[in-house]
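These notes concern the structure reproduced below.
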């Protein structure tokens, strides 16, 4: 990204090839359909080009990229809600393997359906935190850069999101 910032715009294509699958998975796991997810990935790279001057090179590139991705997702849904064509996130599908913290007790197909329903009931911010840490493998320090807080605060937010997900899951399981 440093080279792109300095004017070597051809390197953006290399970044695209390296990171498009991660970004697609991020958007898809947030409940966007595949074609919307592809469009949002493209929008992230357009924004990277547009705001390449804001990349300092001090933090992790992934954190900077996912911060842009969160903003692109937010802008898309804000615009979509104004035009009343917003996607319903109740159709969320999680395709990536689960982290051990979430995997305990969620092994059958029926439980996977319950987990998808529970994820869809989480507020958008908490769902994003879980997707970034549990499915995309961001470290807490990187997550802290993405959401603009301290590492400790990022850990607390993820813990609270997991706690809320567990309680929603248990409610759905007993219903």
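Provide the packing ranking of 5-15, 36-46, i.e. peptides ordered by the mean count of other C-beta atoms within 10 Å per residue, highest first.
Top to bottom by mean Cβ count within 10 Å: 36-46, 5-15.
In terms of surrounding Cβ atoms within a 10 Å radius of their Cβ, 135, 51, 28 rank from fewest to most as 51, 135, 28. Using bins of 10 Å that start at zero, the share of Cα-Cα pairs per bin across the stretch 1-87 amounts to 17, 50, 26, 7, 0, in whole %. Distance between the 7 Å Cα→Cβ label points at residue 35 and residue 172: 2.7 nm. Note on 174, 133: ascending count of other Cβ atoms within 10 Å places them as 174, 133, the fewest first.
Just so you know, all these numbers are worked out from the coordinates, no wet-lab data involved. Computed from a predicted structure; not experimentally measured. Glycine gets a Cβ as well: all are built from the backbone with ideal geometry, and neighbour counts include every protein chain shown.
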